[in-house]
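Beneath this line is the structure, given in structure tokens, with notes to follow.
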Amino acid sequence: MMTTLPTLRVQRRQWLALAAGLCLMPLASARHERRVLFGSTADLLLPEATPASLADDIWRGLQAMNERWNAWKPGDVHLLNQAFAAGRPARATPALRSLIQGAAAMERLSQGHFNPGIGGLVGQWGFHDDVMRPGPRPAAAEIAAWLTAPPSLAQIEWRGLELRSRNPLLRLDFGGYAKGVALDWALDRLQRGGVHDALLNLGGNLAAMGRPGQRPWRVGVRDPQGPGLAATLLTQGREAVVTSGSYERFRVLDGQRCCHILDPRSGRPAPGLVSVTVVHPSAALADAAATALLVAGPEAWRPLAQAMGVDAVLVIDQQGRRQHTAALEGRLDPPV
Ligand code: ADP
Ligand code: MG
């Protein structure tokens, strides 16, 4: 269900704090539209002169992705997962095939830390739900069973648009990737429509291009330990700023806080890092990488970032300690 809130007009020199607490920017007169999508708030900031039909196109496209690619609500991905469980072949649309093949490439690049075939496990931990209820942890035997035949998108066999999984435990889950793909699609669509200055925020993952006025877009990274910001940075050209965090979507299971990002090697919530922000021209890569680096943890995120070709990374650990790569040196305010 898409909720439409009224378009806001923002005046010059006003500072705008978007709902996710993730984005601050000085704006020249700009159009700001807000909806609820991908289980969270979505904000689109556009030049005032942008045709309404173009903005409508963007919202329609995003809404279609939101509905079709959800892992646990009726839609294309859900149907594929049912076919995998039954050992049946299924048919994908060209768009879905390119999503799956793109995600498979990210799984390989991340050395399996990002695993979009992990949906069965995510469901066992109770994260295929809009509400994060407390409860018991999944039984150790259940996790052990999943680990005996760990799913991978490499187990999918393609014949044209037809696909089947060699592993009946494979369940697609694009929760760690779809928003990145959607961000790239939206900015491409805007550029084709002649808009070169825009910002889109999907639940705290955002992509921007151009500038809203004299100065670049200023975006903020949330402080995992409080309501404020850990840092802000100015975007350069077309750039995505994507954060994976263990502090927002979690369940209290057997009295312990369990985050929604799972380590495919252990079958359990990823310990260690609390927040990983990746800045990169490709939002899809940034999304997959942010999830993968959070799984890799405090000791292993740097070499994995290098292997994945992401050089601008900010991580925050459980003690609130922040580290960043050389590419972000001088770009963060306050300096880390
Ligand atoms: P956010 O949802 O906060 O933007 P992510 O991009 O990291 O964070 O996505 C987390 C979602 O990705 C989870 O809710 C789950 O659906 C899925 N997921 C969990 N663990 C993994 C993993 N190791 N690899 C790929 N996807 C994952
Ligand atoms: Mg992600």
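Within region 117-126, which residues are near ligand 1 (Cβ under 8 Å from one of its atoms) and surrounded by fewer than 23 Cβ atoms within 10 Å (Cβ to Cβ)?
Once the filter is applied, which keeps residues that are near ligand 1 (Cβ under 8 Å from one of its atoms) and surrounded by fewer than 23 Cβ atoms within 10 Å (Cβ to Cβ), region 117-126 yields only 122.
If you scan region 33-53, which residues turn out to be among the hydrophobic types (A, V, I, L, M, F, W, C) and within 15 Å of residue 213 (Cβ to Cβ)? Please lay out each step first, then the result.
Quick first cut of region 33-53, residues among the hydrophobic types (A, V, I, L, M, F, W, C) only: 36-38, 42, 44-46, 49, 52.
Listed by number, the residues that qualify are 45, 46, 49.
Can we say residue 114 is within 10 Å of ligand 1 (Cβ to nearest atom) and out of contact with any helix residue (DSSP H, G or I) (no Cβ under 6 Å at 6 or more places or on another chain)? So that I can check it myself, show each step before the final result.
Numbers: within 10 Å of ligand 1 (Cβ to nearest atom): yes; out of contact with any helix residue (DSSP H, G or I) (no Cβ under 6 Å at 6 or more places or on another chain): no.
Spelling it out, it is not the case that residue 114 is within 10 Å of ligand 1 (Cβ to nearest atom) and out of contact with any helix residue (DSSP H, G or I) (no Cβ under 6 Å at 6 or more places or on another chain).
Yes or no: residue 266 more than 30 Å from residue 134 (Cα to Cα), surrounded by fewer than 22 Cβ atoms within 10 Å (Cβ to Cβ) and within 16 Å of ligand 1 (Cβ to nearest atom)?
So residue 266 fails the test.
Which residues, counting only those in region 166-186, are assigned to a helix (DSSP H, G or I), surrounded by fewer than 23 Cβ atoms within 10 Å (Cβ to Cβ) and touching a strand residue (DSSP E or B) at 6+ places or on another chain (Cβ under 8 Å)?
184
Is there a residue in region 231-241 that is within 16 Å of ligand 1 (Cβ to nearest atom) and surrounded by 18 or more Cβ atoms within 10 Å (Cβ to Cβ)? Step through it out loud before you land on a result.
Filtering region 231-241 for residues within 16 Å of ligand 1 (Cβ to nearest atom) gives 240-241.
Of the ones still in play, those that are also surrounded by 18 or more Cβ atoms within 10 Å (Cβ to Cβ) are 240-241.
Yes, region 231-241 has at least one match.
Read-outs throughout are calculated quantities, based only on the coordinates presented, and are distinct from any laboratory measurement. This structure is a prediction, so every number in the text was calculated from the model and none was measured. Please note: Cβ atoms are built from the backbone with ideal geometry, for glycine as well, and neighbour counts cover all protein chains shown.
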